[in-house]
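Notes for the one structure printed next.
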Amino acid sequence: MPSKQHKLENLIKRLVLISGKGQRQETPDLHHKNRTDRAIEEVVIEFSLANPHMGQSKVSRLLKSERNIDIHASGVRNIWLRENMNTTELRLAKLAEARQH
């Protein structure tokens, strides 16, 4: 049975998390060691903008067959989420923005 001290410590931890003081800060420049390589991310972005109507599994499959890049569909999805291009409409908007520049 947990002691009163242990219960109190757990309560304090939960209160800190609820208040927001214990939240993790976003570090956009951090490239985690398990994250997809930047060069592959650039190819996925470029390919996705060239084919904005394709879904994540088709992009993954075609990158493997056409460019010999082995990336899972969920990896494509994660890249899309980070780049705010996870829907067809967002990819089309990003493509239009890129063409304007």
Cross-link partners among lysines for K58, C-alpha distance below 30 Å, same-chain residues fewer than 8 apart left out?
-> K33, K94
Taking R0 as 35 Å and r as the Cβ-Cβ distance between A96 and N34, the FRET efficiency 1/(1 + (r/R0)^6), rounded to the nearest 0.05, comes to 0.60
Label-point separation in nm, T87 to K64, each point 7 Å along Cα→Cβ | 2.9
Fully extended contour minus Cα-Cα distance, from H72 to S3, at 0.36 nm per residue | 20.2 nm
Of the residues S57, W80, A39, the Cα lying farthest along the dipole of region 37-101 towards its positive end, which is defined by charges on the beta carbon of Lys, Arg, Asp and Glu, belongs to S57
How large, in Å, is region 46-93 by the Kirkwood hydrodynamic radius built from its alpha-carbon pairs?
-> 10.5
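Each reported figure results from applying straightforward, stated rules to the coordinates on display, with no laboratory input. Quick caveat: nothing in here was measured; it's all calculated off a predicted structure. In this analysis, Cβ positions are derived from the backbone assuming ideal geometry, glycine residues included, and neighbour counts consider all displayed protein chains.
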